[in-house]
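The values are calculated or read from the model by the stated rules, or taken from the named source; none is laboratory data. Source: prediction; values computed, not measured. All Cβ positions, even for glycine, are placed from backbone atoms using ideal geometry, and neighbour counts span all protein chains on display. What goes into the accessible areas is simple: the full protein's heavy atoms, side chains included, and nothing from ligands, DNA or RNA. Shrake-Rupley method; radii C 1.70, N 1.55, O 1.52, S 1.80 Å.
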Amino acid sequence: MATAFSFSAPRFTEEQKEKEDAALGEQEKAQIENDLYGKAADDVMHPEETEFFLSGKLDEFQQELDAIEYKPAYDEAMEKVPELVKKESPAINLLRCEHYDAKLAAARMVAYWKFRKQFFGEDNAFLPMEARGAMKDDIEFLKEGTAFQLAGTDSRGRPIVVYESFRTKVSHLQNKGQTYRALFFAMHKIAMSSKTAQLDGMVIVCNCKNYDIRTFDRKWAKVNMAFIVDGAPCKISADHIIAADGPTLQNIFIPSSC
């Protein structure tokens with residue numbers, strides 16, 4: 001049976017791992033650990049947001065945004081609901097998300113509105129990001145209890161979001177739009193309510209107990225990942241997975257007779 005997973009790809013051996021570790025400098029090892037566990041390096045400090053600093057960065061941001069020629073969803077939003085653009089995708093939030101890199105922040109602004117229009121459509125994309133606004137067609141879906149649950153903050157103040165994979169049902173994939181919008185809605189609300197999330201990202205805990213492999217969809221995963229990486233108003237600084245108790249992919253896809 002053909003699957004999306006490869007069980008014959010070359011394995012990364014312990015010997016190769018040891019050689020790679022030996023070739024890394026201490027700074028590189030520290031960076032890998034920071035990336036893996038979502039920790040900030042001791043020497044990483046956020047600049048003070050003085051009026052002078054912000055004014056300069058906002059000017060840079062606008063220049064970079066103006067330099068992007070093709071941004072149809074953003075341009076449409078500015079034409080139809082300019083005040084909503086300022087309120088729900090403020091430049092300062094995206095600058096914080098990109099460590100005050102104006103060029104990256106401008107690209108994220110364009111991507112944010114691209115995905116917002118893609119997920120919500122012409123009718124709802126330019127409504128306020130509220131349950132009775134942009135999410136008005138998905139209220140019953142939200143009432144079911146989405147897979148994303150806010151679980152407080154960690155010691156650094158970053159929001160902790162628990163993704164409970166068992167809440168995703170096979171039937172949900174018949175209308176992927178609802179799951180896209182639920183993810184967008186959750187990340188938008190978290191970013192808008194937490195300066196720490198804008199600066200340092202959020203922590204995701206994936207609870208994969210009782211995971212139903214039938215709910216895995218490559219296209220759904222690809223689109224979600226593209227949004228998270230390029231267009232979400234805050235980043236994921238760490239992703240922890242709680243392993244499932246069920247059968248492994250090998251058990252599912254490879255007959256026991258092999």
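Taken together, the residues in the stretch 73-89 that are closer than 11 Å to Val110 by Cβ and in contact (Cβ under 8 Å) with a residue 12 or more places away in the chain amount to 4.
Residues in the stretch 136-158 that are touching a residue at least 24 places away in the same chain (Cβ under 8 Å) and of a type in the set (A, V, I, L, M) were compared, and the one that is least open to solvent (accessible area, probe 1.4 Å) is Ala147. Just one of (1) open to solvent by less than 70 Å² (accessible area, probe 1.4 Å); (2) modelled with pLDDT under 70; (3) basic (Lys, Arg) fails for Arg181. It is (2). Scanning for something open to solvent by less than 40 Å² (accessible area, probe 1.4 Å) and modelled with pLDDT of 90 or more, does the stretch 205-221 turn up at least one residue? Within the stretch 205-221, not a single residue is open to solvent by less than 40 Å² (accessible area, probe 1.4 Å) and modelled with pLDDT of 90 or more.
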